[in-house]
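Student: Before I ask anything, let me first share the structure, which is written out below as structure tokens.
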Amino acid sequence: MKIIMLGAPGAGKGTQAKMLAERYGIPHISTGDIFRANIKNNTELGKKAKSYMDAGELVPDELVVDLVVDRIKNKDCMKGFILDGFPRTIPQAEALDYALNNQNEKIDYAINIDVPDAAIVERMSGRRACVGCGATYHVVYNPTKEEGICDACGEKLILRDDDKPETVQKRLDVYHEQTKPLIAHYEKKDSLLTVDGTQDIEVVFAKITEVLDR
Ligand code: AP5
Ligand code: MG
């Protein structure tokens, strides 16, 4: 099953993608997590991506497209994958379509998690993220067992640099301008599944799996 997660920053793409990856036994590939790991390890890619991410801007397409197209050729993607945070622009979506087309494949579901902007800003201020494994938590909606420590891998949790309110607003603007048009792109291809993302995490998950299990 080949899935992409669509939705505004903070809509819950990462939260749902992790749960779906576990249920269907396919890898969760988050471009944001890949960039954050590169920043942590001070790689050339990390150095290039950091200024864009801190400003709430998108990293240029040429830094992300080949990375993802190569990644999905890995053996662990034979049964499928979940892309979280990619594609994010029409050129990225077209590059992905082209790469899959060449292998006679296509995206099965583009899952659009729909959350209004007003709810996003509140969610982001309470988010805590693990740089070790990419898990995300929320101080109120999805707390860890031990404060500040990742349940999954035991590493320390951080507040993401781009979760400051002014950067969140910029990321929302960028989303509306550059990423939202992807909803129509996947609707045309008959692969769009829109879910109300303001419901509880478990309810959102149940609504998605109800369709994917059919
Ligand atoms: P990325 O890491 O992808 O960030 P994003 O799209 O802005 O999305 P987030 O990770 O912030 O949110 P999410 O939807 O995963 O929500 P989460 O599950 O954490 O990208 C970061 C940056 O990297 C970009 O700005 C860009 O610069 C760059 N980048 C990445 N990919 C790129 C690309 N393809 N091209 C160019 N640049 C790229 O949930 C949010 C919070 O809400 C959590 O605290 C969670 O616990 C809580 N929550 C989740 N669901 C619910 C619920 N149902 N109810 C209540 N709380 C909930
Ligand atoms: Mg995420």
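The values are calculated or read from the model by the stated rules, or taken from the named source; none is laboratory data. Treat the numbers as computed from the prediction; the structure is a model and nothing was measured. Every residue, glycine among them, receives a Cβ derived from its backbone with ideal geometry; neighbour counts consider all protein chains shown. Side chains are part of the model used for accessible areas, which takes the heavy atoms of the whole protein and leaves out ligands, DNA and RNA. Shrake-Rupley method; radii C 1.70, N 1.55, O 1.52, S 1.80 Å.
Student: Scan the range 56-70 and tell me whether some residue there is touching a Phe, Trp or Tyr at 6+ places or on another chain (Cβ under 6 Å) and either in a helix (DSSP H, G or I) or open to solvent by 10 Å² or more (accessible area, probe 1.4 Å) (or both). Walk me through it before giving the result.
Tutor: Taking the range 56-70 as the starting set, the residues that turn out to be touching a Phe, Trp or Tyr at 6+ places or on another chain (Cβ under 6 Å) are 59, 68.
Now restrict to residues that are either in a helix (DSSP H, G or I) or open to solvent by 10 Å² or more (accessible area, probe 1.4 Å) (or both): 59, 68.
Yes - at least one qualifying residue is present in the range 56-70.
Student: If you take just the strands (runs of 3 or more DSSP E) that sit entirely in the range 95-173, which of them hold at least 1 residues that are at pLDDT below 95 and of a type in the set (A, V, I, L, M)?
Tutor: Numbers: elements: 109-114, 127-130, 136-138.
By residue number, 127-130.
Student: So which residues in the range 9-28 are more than 7 Å from ligand 1 (Cβ to nearest atom) and either among the small types (G, A, S) or under 8 Å from the mean Cα position of the chain (by Cα) (or both)?
Tutor: The answer is A17, A21, G25.
Student: Can you tell me how many residues within the range 126-159 are within 10 Å of ligand 1 (Cβ to nearest atom) and surrounded by fewer than 17 Cβ atoms within 10 Å (Cβ to Cβ)?
Tutor: 5
Student: Can you list residue pairs whose Cβ atoms sit under 6 Å apart, with the first residue in the range 128-151 being away from ligand 2 (no atom under 16 Å from the Cβ) and the second being assigned to a strand (DSSP E or B) and open to solvent by less than 70 Å² (accessible area, probe 1.4 Å)? Count only pairs 6 or more apart in sequence or on different chains.
Tutor: Within 6 Å, the pairs are T144/Y137; G148/L157.
Student: In contact (Cβ under 8 Å) with a residue 40 or more places away in the chain and either within 23 Å of A37 (Cβ to Cβ) or away from ligand 2 (no atom under 16 Å from the Cβ) (or both): does that describe S191? Outline the logic, then answer.
Tutor: Values: in contact (Cβ under 8 Å) with a residue 40 or more places away in the chain: yes; either within 23 Å of A37 (Cβ to Cβ) or away from ligand 2 (no atom under 16 Å from the Cβ) (or both): yes.
Yes: the conditions hold for S191.
Student: Could you please tell me which pairs satisfy a Cβ distance under 7 Å, a separation of 6+ or placement on different chains, a first residue in the range 92-110 that is free of Cβ contacts under 8 Å to residues at least 40 places away in the same chain, and a second residue that is open to solvent by 30 Å² or more (accessible area, probe 1.4 Å)?
Tutor: Q92/D61
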